[in-house]
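The values are calculated or read from the model by the stated rules, or taken from the named source; none is laboratory data. Here the structure is a predicted model, which means the values were calculated and not measured. Note that each Cβ is placed from the backbone with ideal geometry, even for glycine, and that neighbours are counted across all protein chains shown.
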Amino acid sequence: MAEYLTKHAKDWTAFQEILGGFRGWAFRGQEDETWPLDSSIARILRNSAVNTKIWSLQEDRINRIFRRKAHLFLTHIPPEDDDFQWLALMQHHGAPTRLLDFTWSPYVAAFFALEKARGPAAVWAMCAPKMWGQQHVHPETGETTPTSELFLRTPGNYRRWYLNGTLPFVVLGEPVVMNQRLVAQAGTFVVPGVIDRPVDTIIGAYAHPERLLAKIIIDTKPARDEFMTSLYMMNITNASLFPGLDGMAHSLAYELEYHWQYNTRTLAINPGFLEDPNSPGVLDVDE
């Protein structure tokens, strides 16, 4: 099996230089660079030792439960045949699905990679145009199916190619109707045709996976402060990525680490600020 592309970003400048080669790609941040590109539903089924023979049955079951009960809490109910919108809604509210959250912004991906990271983190990148142009050969019949026939937006495709499918492929895209969080995060979804193997493993079996998938490894310990400060200055925070009171509240965790006047660890005054000569320590803080 061929390898996908791997890059290393030691600092913010190196990260930006690397991004110059990834125009038209989608990105995903993960706080541990050793984690594969696995869906939440696959992780739960695997960790719970559910027999793989009934994975599709269990996936269908929770989808059915959600659709039967979600109307009690919704002001907008997706059309019954819009499987992609239903799955995106489930994902939005924390249900396990086969969707993997990606974003068209590498900086949003970097935020998710580094916000809680303590060891080397990763920003994955996937080449959307080349993924959309793939041809997929069924391992049993030898028949070839283009990606254009597999998109999740097409009514009936979810049950035919995904829920009951055995063809290992990966597509990416968004539902026609997008929710507020998806818009705020410049979000898109990567969706595997099978869930018994990670997305990077599926793509690793494609021809020339190094043209389709890349992993940018960030050395968190020396780089995180610079990254997070730069992202903060770009207004990439939980408050902006998760519109609403909950997002604003979660954003306060980073506010504990950051202050615009001084370094909260060393108490050194940030460039551009003069220390108050009447103060024995850092500047007075009233914000």
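Looking only at segment 254-276, count how many residues are without any contact (Cβ under 8 Å) to a residue 40 or more places away in the chain and assigned to a helix (DSSP H, G or I). Residues flagged as without any contact (Cβ under 8 Å) to a residue 40 or more places away in the chain and assigned to a helix (DSSP H, G or I) within segment 254-276 amount to 1. Looking at TYR254, TYR262, TYR258, just one residue is under 14 Å from PHE112 (Cα atoms) and surrounded by 13 or more Cβ atoms within 10 Å (Cβ to Cβ), and that residue is TYR254. Of the residues making up segment 125-148, at least one is within 24 Å of ASP60 (Cβ to Cβ), at pLDDT 95 or above and not in a strand (DSSP E or B).
The set of residues from segment 109-122 being more than 26 Å from PHE169 (Cβ to Cβ) and either outside the structural domain of SER40 (by TED's automatic domain parsing) or not in a helix (DSSP H, G or I) (or both) comprises GLU115, LYS116, ALA117, ARG118, GLY119, PRO120, ALA121. For segment 226-235, the set of residues classified as free of Cβ contacts under 8 Å to residues at least 24 places away in the same chain and assigned to a helix (DSSP H, G or I) consists of MET233 only.
None of ALA121, ALA70 is closer than 28 Å to HIS250 by Cβ and touching a Lys or Arg at 6+ places or on another chain (Cβ under 9 Å) except ALA121. So, in segment 226-251, of the ones that are hydrophobic (A, V, I, L, M, F, W, C) and buried (at least 17 other Cβ atoms within 10 Å of the Cβ), which residue ends up nearest to GLN185 (Cα to Cα)? Only one residue fits best here, namely LEU241. Of note, GLU59 satisfies the criterion of being among the acidic types (Asp, Glu), more than 30 Å from ASP225 (Cβ to Cβ) and surrounded by 19 or more Cβ atoms within 10 Å (Cβ to Cβ).
For segment 185-225, filtered to residues that are among the hydrophobic types (A, V, I, L, M, F, W, C) and part of a loop (DSSP other than H, G, I, E, B), the residue that is surrounded by the most Cβ atoms within 10 Å (Cβ to Cβ) is ILE195.
No other residue among ARG23, ARG61 is modelled with pLDDT of 95 or more and either in the same structural domain as MET131 (by TED's automatic domain parsing) or within 18 Å of the chain's Cα centre (by Cα) (or both) apart from ARG61. Counting the residues of segment 161-174 that are more than 16 Å from the chain's Cα centre (by Cα) and either farther than 21 Å from ASP60 by Cα or not in a helix (DSSP H, G or I) (or both) gives 6.
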